[in-house]
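Q: Got a structure for you, questions after.
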Ligand SMILES: Cc1cc2nc3c(=O)[nH]c(=O)nc-3n(C[C@H](O)[C@H](O)[C@H](O)COP(=O)(O)O)c2cc1C
């Protein structure tokens, strides 16, 4: 079974909730899912051994968090070229972070990015049925792309 690592940052918990719902979707799609907060990732070796990577970050000040920037410098050393990738985050009005992270994964890390693009979810929708389902659908889509022959 293919394995997907979900790494995320979250100050107030909304992006963390998304990460858990996306993990459910990955599993529904037939892959294993592992979750890590970026603070738990100490070296690029912690990123080794997965077929797909989903990075999550909320938008603060129209940007990703400082922690996520540091994490991406570490990701650059992890040799992720050709691996499946996706990016998501919670937001209230501009939602910049997932798109910037998605671009870095695609153009700098040379990953094979999910055809759906990056995934932004309004904070007030995260725990609604619609929000939970859209997170699950996003995770499932990456899983299905990975399992496609
Ligand atoms: C100081 C501050 C700045 C923020 N800046 C933005 C922003 O520029 N764009 C945006 O869409 N949301 C912004 N937000 C809203 C957060 O992205 C939103 O609350 C998000 O759900 C937080 O996710 P988290 O719970 O995973 O930390 C800001 C929130 C705070 C408190």
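Just so you know, all these numbers are worked out from the coordinates, no wet-lab data involved. Computed from a predicted structure; not experimentally measured. Cβ: placed from backbone, ideal geometry, glycine included. Neighbour counts: every protein chain shown.
Q: Take the Cβ-Cβ distance between residue 1 and residue 61 as r, set R0 to 30 Å, and report the resulting FRET efficiency rounded to the nearest 0.05.
A: 0.15
Q: Using 0.36 nm per residue of separation minus the Cα-Cα distance, give me the extension gain between residue 69 and residue 20 in nm, one decimal.
A: 15.5 nm
Q: I'd like the FRET efficiency for residue 125 and residue 147, computed as 1/(1 + (r/R0)^6) with the beta carbon distance as r and R0 of 25 Å, rounded to 0.05.
A: Efficiency, from the Cβ-Cβ distance: 0.35.
Q: Kindly work out what percent of the DSSP beta bridges joining two residues of the chain are antiparallel, to the nearest 5.
A: 5 percent
Q: Evaluate the distance, in nm, between pseudo-label points positioned 7 Å from the Cα of residue 93 and of residue 45 along their respective Cα→Cβ axes.
A: 4.5 nm
Q: Next question, about the same structure. Over the chain, calculate the relative contact order: mean separation of alpha carbon pairs under 8 Å at least 6 apart, over the residue count, as a percent.
A: Details: 314 pairs, mean separation 46.3, N = 149.
Averaging sequence separation for qualifying contacts and normalising by length gives 31 percent for the chain.
Q: What three numbers, in Å, describe the spread of the alpha carbons of the range 3-147 along their principal axes, ordered from the longest?
A: Between the extreme Cα coordinates on each principal axis of the range 3-147 lie 36, 34, 25 Å.
Q: Taking 0.36 nm per residue of separation and subtracting the Cα-Cα distance, what length does fully extending residue 76 through residue 108 add?
A: 10.8 nm
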